[in-house]
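Since the structure comes first, as structure tokens, the remarks are kept for the end.
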Amino acid sequence: MSPLRPAVLAQISGWLIAFALSRIAYPPLAAHPYEFALAQGFCAALISYKLEAPPWWVPIHIASPPLLVAAVGLHWPPGVWLSAFALLMLVFWRTDSSRVPLYLSNRSTALELARLIPPHPCQVIDLGCGNGGLLRMIAKMRPDCRFVGIEHAPLPWLIAWVGSRRQTNLEVRYGDFWREPLGSYGLVYAFLSPAPMLRLWAKARLEMAPDALLISNSFAVPDQIPEQTTDVADRRRTRLLCYRPGRTK
């Protein structure tokens, strides 16, 4: 089920509760848009929590109604909002269905990842490569390897594709990485979210070679013990979790 459905349900329910409060328990609430919006946001957040939605939805529910009221008060032309919506769509695309937000890997992570690549020439893929910054860095460090990045959000893909044109050992593709066979890759890198990890594990277990590495940035595969965990010396306290799913067939 799309995560937008419980989010919409929570917001509608929150509005109904806030409306009931303004009519029955506290009528002055209806005359103060910000207070009404805050009441709606907190009610929606509570409902979202009860529906066991991901925890990051709680602050989103609380903040969205007051921010919407504030935005209406700006009186900006409709074209500004349309442009902002189009830009967000180009950057985040169908995050509601993929359940994978845009995460960017930093240079410290790239350095650690480069150390984990097998010493012999191999193919490396980044599932959801964003703007391609990580791949550009490690492709320069390992010119003997071939690197592939796949991205489905149009604007990050375009930035990655343009930025990779001069690196002969790096290819950036637009599309759905779930359709990419993983059997030819010696290392598969993923910086996704908790939501798709079980699906990724099932795909990797079916397709990857016994010696190939699956490296997940920050998000563990449920009920699987990593072969190795590398702590990255950055402000995020990034952890690279290394698995060999091909050995569990």
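FYI, it's all coordinate maths here, none of it is from the lab. Please read these numbers as outputs of a predicted model, since none were measured by experiment. Please note: Cβ atoms are built from the backbone with ideal geometry, for glycine as well, and neighbour counts cover all protein chains shown.
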So how tilted is helix 4-20 from the main axis of the chain? Cα-based, degrees 0 to 90, rounded to 10.
-> 20 degrees
Rg/Rg_ref, region 4-75, where Rg_ref = 2.2 N^0.38 Å and atoms are Cα | 1.08
Two-decimal Rg/Rh across region 107-248, once Rg and the Kirkwood Rh are taken from alpha-carbon atoms | 0.93
Neighbourhood net charge (11 Å Cβ-Cβ; Lys/Arg +1, Asp/Glu -1) for residue 161 | 0
Taking the chain as a Gaussian network, where each spring joins two C-alpha atoms under 10 Å apart, which residue of 120, 61, 152 fluctuates the most?
-> 120
Considering only the other residues whose Cβ falls under 15 Å of the Cβ of residue 170, what net charge follows from Lys and Arg at +1 and Asp and Glu at -1?
-> +3
Please determine, in degrees from 0 to 90 and to the nearest 10, the orientation of helix 154-163 with respect to the longest principal axis defined by the Cα atoms of the chain, where the helix direction is its Cα long axis.
-> 30 degrees
Placing each pseudo-label 7 Å from Cα in the direction of the beta carbon, residue 229 and residue 107 end up separated by a distance in nanometres of 2.8 nm
Pull out a ≥ b ≥ c, the square roots of the eigenvalues of the alpha-carbon gyration tensor of region 191-234, then state rounded if a/c is under 1.5, prolate if not and a/b is larger than b/c, and oblate in the remaining case.
-> oblate
Using 1/(1 + (r/R0)^6) with R0 = 25 angstrom and r between the beta carbons of residue 202 and residue 120, what's the FRET efficiency to the nearest 0.05?
-> 0.35
Here the net charge surrounding residue 139, from other residues whose Cβ is less than 13 Å away from its Cβ (Lys, Arg +1; Asp, Glu -1), is +3
Expected unfolding gain across residue 26-residue 237 under the 0.36 nm per residue rule, minus the alpha-carbon gap, is 71.4 nm
Using a Gaussian network for the chain with springs between C-alpha atoms less than 10 Å apart, which of these wobbles most: 232, 172, 188?
-> 232
FRET efficiency for residue 184 and residue 248, using Cβ-Cβ distance with R0 set to 22 Å, rounded to 0.05 = 0.70
Quick one: among 59, 77, 143, which has the greatest mean-square fluctuation in a GNM of the chain with alpha-carbon springs under 10 angstrom?
-> 77
Would you mind telling me the antiparallel percentage of the DSSP bridges in the chain, rounded to 5?
-> 30 percent
Which value, in Å to one decimal place, does the Kirkwood hydrodynamic radius take for the chain when every pair of different Cα atoms is included?
-> 20.5 Å
